[in-house]
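Working notes for the structure below.
FYI, it's all coordinate maths here, none of it is from the lab. Values in this document were obtained by computation on a predicted structure and should not be read as measured data. Quick reminder, even Gly has a Cβ in these numbers, built from the backbone with ideal geometry, and neighbours come from all protein chains shown.
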Amino acid sequence: MQTIAEEGISTSTLQGYGGHSMVAPLRRVIVRRPTAPGGDIDWRAFGYLHPVDQVRTEQEHAAFCALIAAHGIEVIEAGPDPAGRLDAIFAFDPSIMTDAGAVLLRPGKGLRQAEVELAEQTYADLDIPIFGRIGAPGTVEGGDTMWLDERTLAVGRGYRTNAEGILQLRDLLAEIGVEVLVFDLPHFNGPSECLHLLSMISPVAERLAVVHPPLMAVSFIEALRERGWHLIDIPEEEFETQATNVLALAPGKLLALDGNPVTRKRLELAGCEVETYEGAEISLNRFGGPTCLARPILRG
């Protein structure tokens, strides 16, 4: 009789969750349906560029989900969530997934902390265990986490993810043999704007990433190069349009926000296939790209 390993079937695949990777073939993903504004000025509190166009938001989100599903990926649509929780659409941030189950985080942005309960309920509905959680005064947001390999998680320390949260996460992941490497994030435009580790880098294939070096710590760039990573720079003018925020559906098969032609060309020259989506409302207005909009729960 063949073992699971001999048959090429991972334990994660059988249990329906896991995969310590940013680029392994995406099998299952959680998205959250866009909730309606709770009031006329909600968008200002969340730091958006302009009032939410709810009809266009829902249309763009549905099209985004359809693009992912067209690749044979199971798209789990959670919600709709209570009115006014506008950032809940960014399903990536309230948790991370491990082979041992989900880790519930604690967002540094106070308006987003209630989203953790939503994520917990969704995991319960899916029978996915909670491996651990970050407690006060610790804060960690998913956008500050990036798998370097199966046993190494990079974490950015900044205004959304603090030292106490990282310490808790490090102790928790040590139980399953995962090392946490910490890299400081720049002040940039201050705490009122969201700058995550993944605002400046997206892995797109094995040891290949699209990056914006001016905002990256020297120690982070050195750590990547020491591990044999190849880095594809974006042009300065495409940073504000989220050229560094790319979702890998599989190694070299990418979903990116429309409107960054130079970055797309550079990715294609590196051998990647790039599919784009329209995200004027769900991404540009809210400062969150395809990685933010999707919480992978099974890769591999």
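Just going by the charge dipole of the chain, with Lys and Arg at +1 and Asp and Glu at -1 on Cβ, which of L224, L293, T244 is farthest out on the positive end?
The Cα lying farthest towards the positive end belongs to L224.
Which of L105, L255, L181 moves the most in a Gaussian network model of the chain with Cα springs under 10 Å?
L181
Please compute the modelled spin-label separation between L167 and D40, points set 7 Å along Cα→Cβ, answer in nm with one decimal.
Between D40 and L167, the label points sit 4.7 nm apart.
Dipole size in debye (nearest 20) for the stretch 205-247 around its Cα centre, Lys and Arg Cβ +1, Asp and Glu Cβ -1?
Computed about the Cα centre, the dipole is about 280 debye.
GNM on the chain, C-alpha springs below 10 Å: top fluctuator among G252, G16, G228?
G228
Only four residue types carry charge here, +1 at the Cβ of Lys and Arg and -1 at the Cβ of Asp and Glu. Report the dipole size of the stretch 1-149 about the Cα centre in Debye, rounded to the nearest 20.
I would put it at about 260 debye.
Counting pairs of alpha carbon atoms under 8 Å apart in space and at least six apart in sequence, what relative contact order in percent does the chain give?
24 percent
To the nearest 20 Debye, how big is the dipole of the chain about its Cα centre, given +1 on the beta carbon of each Lys and Arg and -1 on that of each Asp and Glu?
200 debye
In deg cm²/dmol, rounded to 500, what helix-only [θ] at 222 nm does the chain give when every DSSP H run of at least 4 residues adds -39500 (n - 2.57) and the total is split over its residues?
The helix contribution divided over the chain gives -6500 deg cm²/dmol.
Starting from the Cα-Cα distance between E278 and D127, subtract it from 0.36 nm times their residue separation and give me the gain in nm to one decimal.
That pair, E278 and D127, stretches by 51.1 nm at full extension.
How much net charge surrounds N162 when only other residues with a Cβ under 14 Å from its Cβ are counted (Lys, Arg +1; Asp, Glu -1)?
Net charge in that neighbourhood comes out at +1.
Mind giving me the nanometre distance, one decimal, between the label points for E193 and I221, set 7 Å out from Cα along Cα→Cβ?
Taking the simple label geometry, E193 and I221 are separated by 2.0 nm.
Which of rounded, prolate, oblate describes the stretch 152-228, given a ≥ b ≥ c as roots of the alpha-carbon gyration tensor eigenvalues and a/c under 1.5 marking rounded, otherwise prolate only if a/b is larger than b/c?
It comes out oblate by the Cα gyration axes.
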